[in-house]
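*Asks:* My questions all concern the structure below.
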Amino acid sequence: MGGMNLENISETYMDVLKELGNIGAGNAMTALSQMLNCKVDMRVPQIKLMEFSEIGEVVGGEEQIMVGVFLGVEGDITGSMMFLVEKSSAKHLINKLMMGMASPGDEFTEMELSAMREVGNIITGAYLNSLSVITNMKIQPTPPELAVDMAGAILSVPAIKFGIFGDNILMIQSQFFDEIEIDGYFILIPDLDSYAKILGSLGMPID
Amino acid sequence: MGEIIKVGMADLKTCVSPDGLTTLGLGSCIGIALRDPVTKIGGLAHIMLPDSTAMRSAKISAPKFADTGIEELVRQMEAMGARRNRMTAKIAGGATMFSFQGKADMVQVGLRNAEACIKKLKEFGIPVLAQDTGANYGRTVVFFPETGDYIIRAVGKPEKTI
């Protein structure tokens, strides 16, 4: 994949990637809605190609404590994916899932972390599954890993992956809400040659 | 009290006492703090990857890598009047945020970052006075060239100074 990099990717390709992100996040929200057994609304996802130094600002500051679920992507394309949600929103989600039985305060019990990992697993699974259907490629997630830490520290993981081949990171932000507003972020990080495969499978080969 | 200057990811900045430098939420990245104790000139680089020479891309952003980041930081500090032979270093970061980062291409990038920093500093003859690297949590750091204090904060842990 000689000269490909994210900075010189054309507007059209960017639109295609945006649309994929939109569809993926839409499916993820449907899965979340079924799991919580309530209506979950979503705003139109925003897709941004950002410099590394801007990352923290997007998620409300580098020191904002967040829950990040990180998993690998395997199959016809390879890479990784991350789902990030702010700590109090994560607590809200877990509380819903556990029918209001979550522990008080802002710490997470082992059981709650495990529940959050499962939430991440299901919604990222739905996200990847929809990409798999559209592109007609085999795309599977690896078991998820979870971290509760500063946004900057968690985001350094995908940032480093992007850093290997460019100076920007492609991020899909989807804000969703039931009765309270929850900011959630999906970051899909295909390996560089997987971008070409994704676009190629949609009939847009990169020359 | 001076100003505290913020350094972003893949970025570097210099200052003179009483000012200080900070970088927030270091994960697998490393914050390299350099200081010339005589002129009280300090510098902080927030690097992401160990080695610029492994990159295929023609355009390289210096502060992103341990090797080029340290070179650039030393160059800027020298331009301000600091001397390399007086400089000392402290480093923090290089965590492994997710346990399966240990797999495949992400082979402990935090650990490799720390090793690359130490190697480059050694090449420059800059002694590493202290380090707080590894483990599995993020760190926010604040550096004061006046005293050389490097303050490290992490979620749910007491603040420490190295």
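All of the numbers you see were taken from the coordinates with simple rules; none came from a lab. Bear in mind that the values here come from a model prediction, so they are computed numbers and not experimental data. Virtual Cβ from ideal backbone geometry, glycine too; neighbours counted across all protein chains shown.
*Asks:* Whose amide H sits under 5 Å from the amide H of B:Asp19, counting only residues 5 or more places off or on another chain, with H placed in the peptide plane?
*Replies:* Sorted by chain and number, the residues that satisfy this are B:Glu3.
*Asks:* Per-residue HN-Hα couplings for the range A:141-154, Karplus 6.51 cos²θ - 1.76 cosθ + 1.60 at θ = phi - 60°, whole Hz, x for Gly and Pro?
*Replies:* x, 8, x, x, 10, 10, 9, 10, 6, 5, 3, x, 5, 5
*Asks:* Pull up all non-local amide H partners of A:Ile139: gap of 5 or more, or a different chain, and H-to-H distance under 5 Å with H placed in the peptide plane.
*Replies:* A:Asp76
*Asks:* With the cut-off at 27 Å, tell me which of the pairs A:Lys18/A:Lys138; B:Lys6/B:Lys157; B:Lys40/B:Lys157; A:Lys48/B:Lys90; A:Lys91/B:Lys13 have Cα atoms farther apart than that. All intermediate terms of the calculation are to be shown ahead of the outcome.
*Replies:* Working: A:Lys18/A:Lys138 20 Å; B:Lys6/B:Lys157 22 Å; B:Lys40/B:Lys157 30 Å; A:Lys48/B:Lys90 34 Å; A:Lys91/B:Lys13 37 Å.
Going by Cα-Cα distance, B:Lys40/B:Lys157; A:Lys48/B:Lys90; A:Lys91/B:Lys13 fall outside the 27 Å limit.
*Asks:* Over chain A, with a Gaussian network built from C-alpha contacts below 10 Å, which listed residue (A:Met66, A:Met98, A:Met29) shows the highest mean-square fluctuation?
*Replies:* Among A:Met66, A:Met98, A:Met29, the largest GNM mean-square fluctuation belongs to A:Met98.
*Asks:* Moving on. How many partner chain Cβ atoms sit within 10 Å of a residue's Cβ in peptide B:24-33, on average, as a whole number?
*Replies:* Taking all residues of B:24-33 together, the mean is 6.
*Asks:* Then there's this: Could you calculate the FRET efficiency of A:Cys38 with A:Leu192 from 1/(1 + (r/R0)^6), where r is the beta carbon distance between them and R0 is 41 Å, rounded to 0.05?
*Replies:* 0.55
*Asks:* Also, I was wondering about something else. Under 1.5 on a/c is rounded, so check that first for chain A, then, if it is not, pick prolate when a/b is larger than b/c and oblate when it is not; a ≥ b ≥ c are the square roots of the alpha carbon gyration tensor eigenvalues.
*Replies:* Numbers: a/c = 1.96, a/b = 1.55, b/c = 1.26.
Here chain A falls in the prolate category.
*Asks:* Taking springs between alpha-carbon atoms closer than 10 angstrom, which of A:Gly105, A:Gly75, A:Gly26 fluctuates most in the Gaussian network model of chain A?
*Replies:* Maximum among the listed residues: A:Gly105.
*Asks:* With θ set to phi - 60°, apply the Karplus curve 6.51 cos²θ - 1.76 cosθ + 1.60 along the range A:122-132 and write out the HN-Hα couplings as whole Hz, x wherever there is a Gly or Pro.
*Replies:* My calculation for the range A:122-132 gives 5, 6, 6, x, 5, 4, 5, 4, 5, 5, 5 Hz in order.
*Asks:* Going by amide H atoms built from the backbone, whose H comes under 5 Å of the H on B:Ala135, apart from near neighbours?
*Replies:* B:Thr96
*Asks:* What is the mean number of Cβ atoms from other protein chains located within 10 Å of the Cβ atom of each residue in peptide A:60-69, rounded to a whole number?
*Replies:* Mean partner-chain Cβ count within 10 Å for A:60-69: 3.
*Asks:* I'd like to compare B:16-29, A:191-204, A:162-175: which one has the highest average count of other Cβ atoms within 10 Å, and what's the full order after that?
*Replies:* For the peptides B:16-29, A:191-204, A:162-175, the packing ranking is B:16-29, A:162-175, A:191-204.
*Asks:* Considering Cα pairs under 8 angstrom that are at least six residues apart, work out the relative contact order of chain A and quote it in whole percent. Walk me through the intermediate numbers first.
*Replies:* Details: 349 pairs, mean separation 70.1, N = 207.
Result for chain A is 34 percent.
*Asks:* Across peptide B:130-137, what mean number of C-beta atoms from other chains lies inside 10 Å of a residue's C-beta?
*Replies:* Working: counts 0, 0, 0, 0, 0, 0, 3, 5.
Across the residues of B:130-137, the mean count of other-chain Cβ atoms within 10 Å is 1.
*Asks:* Karplus couplings for the range A:79-94 from phi (6.51 cos²θ - 1.76 cosθ + 1.60, θ = phi - 60°), rounded to Hz, Gly and Pro as x?
*Replies:* 3J(HN,Hα) across the range A:79-94, in whole Hz: x, 8, 9, 9, 10, 10, 9, 5, 3, 5, 5, 5, 4, 4, 4, 5.
*Asks:* Another one. Suppose every Lys and Arg Cβ carries +1 and every Asp and Glu Cβ carries -1, with no other charges. What dipole size does chain A come out with about its Cα centre, to the nearest 20 debye?
*Replies:* 600
*Asks:* Go ahead and set up a Gaussian network model of chain B, Cα springs under 10 Å, then flag whichever of B:Val74, B:Val141, B:Val38 fluctuates most.
*Replies:* In this elastic network of chain B, the residue with the biggest mean-square fluctuation among B:Val74, B:Val141, B:Val38 is B:Val38.
*Asks:* Quick one: length gained pulling A:Glu110 to A:Asp15 fully straight, 0.36 nm per residue minus the C-alpha distance?
*Replies:* 30.2 nm
*Asks:* Provide the percentage of antiparallel DSSP beta bridges, counting only those with both residues in the range B:4-161; round to the nearest 5.
*Replies:* Beta bridges within the range B:4-161, antiparallel portion: roughly 80 percent.
*Asks:* Specify whether the C-alpha gyration tensor of the range B:4-161 places it in the rounded, prolate or oblate class, a ≥ b ≥ c being the square roots of the eigenvalues: rounded for a/c under 1.5, otherwise prolate if a/b is larger than b/c and oblate if not. Walk me through the numbers before you get to the answer.
*Replies:* Details: a/c = 1.88, a/b = 1.24, b/c = 1.51.
The shape class here is oblate.
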